[in-house]
Protein chains: 2
Amino acid sequence: MLSQTEENYLKAIYKNAGAEQSVSTNAISKTLKTSAASVTDMLKKLADKDLLHYEKYKGVRLTDSGRSVSTHLIRKHRLWEVFLYKKLNFKWGEVHDIAEQLEHIQSPELVERLDAFLGFPKVDPHGDPIPDAEGNYEVEEKVLLSELPEGARGKIIGLAEHSKNFLAHLDAMDIKLGLNIKIIEKFSFDNSIKIKIKPDKVLVLSAKVAQSLFINK
Amino acid sequence: MLSQTEENYLKAIYKNAGAEQSVSTNAISKTLKTSAASVTDMLKKLADKDLLHYEKYKGVRLTDSGRSVSTHLIRKHRLWEVFLYKKLNFKWGEVHDIAEQLEHIQSPELVERLDAFLGFPKVDPHGDPIPDAEGNYEVEEKVLLSELPEGARGKIIGLAEHSKNFLAHLDAMDIKLGLNIKIIEKFSFDNSIKIKIKPDKVLVLSAKVAQSLFINK
DNA sequence: ACAAATTTTTAGACAAGTCTAAAAAAAATT
DNA sequence: AATTTTTTTTAGACTTGTCTAAAAATTTGT
Ligand SMILES: [Mn+2]
Ligand SMILES: [Mn+2]
Ligand SMILES: [Mn+2]
Ligand SMILES: [Mn+2]
């Protein structure tokens, strides 16, 4: 059985590079906010357990086993987020930190029952896909709102940023996942974008916001 | 913030002696299945944090602060048990081990929302009381089924034993909390007891079972 | 191609939580 | 009251995960 710490390293590696590419010691160290020296130590331990391939000075790549642990953690994390959001009515900016703890609960049975209880959701409250029990998931085709031309229509399906700050800002602007939008006008002055949502509500989004929203393609 | 380990020590102390009495090093060591030497070390640390009163060779007693941590843990443990039992349909013998992990999740907001989601339950799936946010709870007056005379009536409201084995046995016998029973006959041969449940079902309980079921008084 | 900057590893230390073995204190027996 | 048994504490060691400082390797820039 893996410790929470080991699990967090694997997840950090997966988030940095997925299962194919390799990740540098420094990248992991930044994600986890630990020293590079500590990371090196841990990478050796995880390599001993066949969770990743490690070659001195060359960075690491997850093994199949390591990838499986990572995606399973992400599955648990996102299922718990759905639970907190849908059943306990937390805001979407509040669920991540709690799920960060809940994802480490060890009980395969619990995950499957939670999944069923939630109605087998496909995405978490931020629009990110929930891996199935085998660790597989589909990534929807999407494009940044800021990339779309005037006149284009689409639906908000994901976020390029996940900070609490950003999520709270979206709440304040009444922007949620699933909204159908149409681009009315793009302002070259500051790259802000005027959009229409629903029948007749119009609002102007800053460039920063437009660059952080994914639209279906 | 306390570590899971520290929390488990406090809970073990509370379970052994409540908040009034004092507990011996050995008793804690048995409950937690760690060496007496380790327990002594930890007791000093917890005393430094004012969670308990420690005097060499005299055992320990929780402080108000220690008692508060303990009852809050028990509150969380039992609320999660209700969740697992009522919402995820786990059997009552399966919930304890998972709740043992969930009780350490740190989020005051989560506990209160879970409580509301569950409809503010007063007892857990084993009939044990759930402390409120202040750590207070009422213990229902009860008596062992084995103590009742022939002809007595009552309702099964609690368990004197919590082993998985016992819980599975009760499942096999179709005995649950809330059942109304009447004592038909007590057999002096082996102290088994014949009871009637509901309209017309009669069954004989072994002495061991009768000594492990609480009836309301 | 060499020097400088950056990244990564090693070395040595520390805190938390655990253990076993031995010493000290307390409790039980005779 | 003295002896034996049991409980508790101390001493010293080990593991996990972390750190800082220094050394080694790699990458970048000229
Ligand atoms: Mn998250
Ligand atoms: Mn985590
Ligand atoms: Mn329990
Ligand atoms: Mn616990």
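Remarks
- Accessible area of A:ILE105 (1.4 Å probe, protein heavy atoms only, ligands and nucleic acids ignored): about 10 Å².
- MRE, 222 nm, helices only [DSSP H, n ≥ 4, -39500 (n - 2.57), over chain B, to nearest 500]: -11500 deg cm²/dmol
- A Förster distance of 22 Å, applied to the separation of the beta-carbon atoms of B:GLU55 and B:ALA19, puts the FRET efficiency at 0.80.
- With the whole protein complex present, A:LYS56 retains an accessible surface near 150 Å², based on a 1.4 Å probe.
- Alpha-carbon Rg/Rh ratio, for the range A:32-96, with Rh computed the Kirkwood way: 1.16
- Percent of Cα-Cα distances greater than 21 Å, calculated over the range B:1-122: 41 percent
- Ranking B:HIS162, B:HIS126 by solvent-accessible area of protein heavy atoms (1.4 Å probe, all protein chains present), from largest to smallest, gives B:HIS162, B:HIS126.
- Listing of the range A:95-132 residues, each with accessible area lower by at least 10 Å² in the full protein assembly than in the chain alone (probe 1.4 Å): A:ILE98, A:GLN101, A:LEU102, A:ILE105, A:GLN106, A:SER107, A:GLU109, A:LEU110, A:ARG113, A:LEU114, A:PHE117
- When Rg and Dmax are taken over the Cα atoms of the range A:142-216, they come to 11.1, 31 Å.
- Equivalent-ellipsoid semi-axes for the range B:117-180 (Cα gyration tensor, √(5λ), whole Å, largest first): 24, 16, 11.
- Per-pair calculated FRET efficiency, R0 = 56 Å: B:ILE184 and A:GLU134 via Cβ, rounded to 0.05: 0.55
- Considering only A:PRO199, A:PRO121, A:PRO108, the mean-square fluctuation computed in a Gaussian network model of chain A, springs between alpha carbons under 10 angstrom, is largest for A:PRO199.
- A convex hull fitted around the alpha carbon atoms of the protein assembly as shown yields 212 Å³ per residue.
- Of interest is the spacing of the C-alpha centroids, which for the range B:63-131 and the range A:4-47 amounts to 34 Å.
- Computed over the range B:4-62, the convex hull of the alpha-carbon atoms projects to a mean area of 3.3 nm².
- Near the amide H of B:ALA160, within less than 5 Å, lie the amide hydrogens of B:LEU213, B:PHE214, all on another chain or at least 5 residues away, with H placed in the peptide plane.
- The range B:68-189 has equivalent-ellipsoid semi-axes of 30, 16, 12 Å, by the square roots of 5 times the alpha carbon gyration tensor eigenvalues, sorted largest first.
- Neighbour net charge for B:GLU112 - beta-carbon separation under 12 angstrom, K R +1, D E -1: 0
- Candidates B:LYS45, B:LYS155, B:LYS76: whichever shows maximal mean-square fluctuation once chain B is modelled as a Gaussian network with Cα springs under 10 Å: B:LYS45
- Between chain A and chain B, roughly 1600 Å² of accessible surface gets buried, counting both sides and using a 1.4 Å probe.
- Between copies, B:PRO199 shows label-point distances of 5.7 nm, shortest first, with the point placed 7 angstrom from Cα along Cα to C-beta.
- Reported to the nearest whole Å, the Cα centre-to-centre distance from the range B:155-210 to the range A:150-202 is 63.
- For the residues A:SER107, A:SER38, a 1.4 Å probe over the protein chains yields an accessible-area ranking, largest first, of A:SER38, A:SER107.
- Among A:ALA160, A:ALA172, A:ALA133, residue whose mean-square fluctuation peaks in a GNM of chain A (springs only between Cα atoms under 10 Å): A:ALA172
- Overall, the accessible surface of chain A at a probe of 1.4 angstrom is composed of carbon and sulfur to the extent of 49 percent.
- Computed with every protein chain present, the accessible area of A:PHE117 is close to 50 Å² [probe 1.4 Å].
- Helices that extend 15 Å or more along their long axis by alpha-carbon positions and average at least -1.0 on the Kyte-Doolittle scale are, among the DSSP H runs of chain B, B:36-48, B:64-82.
- q = 0.08 Å⁻¹: log10 I(q)/I(0) that the Debye formula gives for chain A, counting C-alpha atoms only: -0.35
The values are calculated or read from the model by the stated rules, or taken from the named source; none is laboratory data. This structure is a prediction, so every number in the text was calculated from the model and none was measured. Here the Cβ is made from the backbone with ideal geometry for all residues, glycine too, and neighbour counts use every protein chain on show. The protein model used for the area step is the full one, side chains on, heavy atoms only, and it has no ligands, DNA or RNA in it. Shrake-Rupley method; radii C 1.70, N 1.55, O 1.52, S 1.80 Å.
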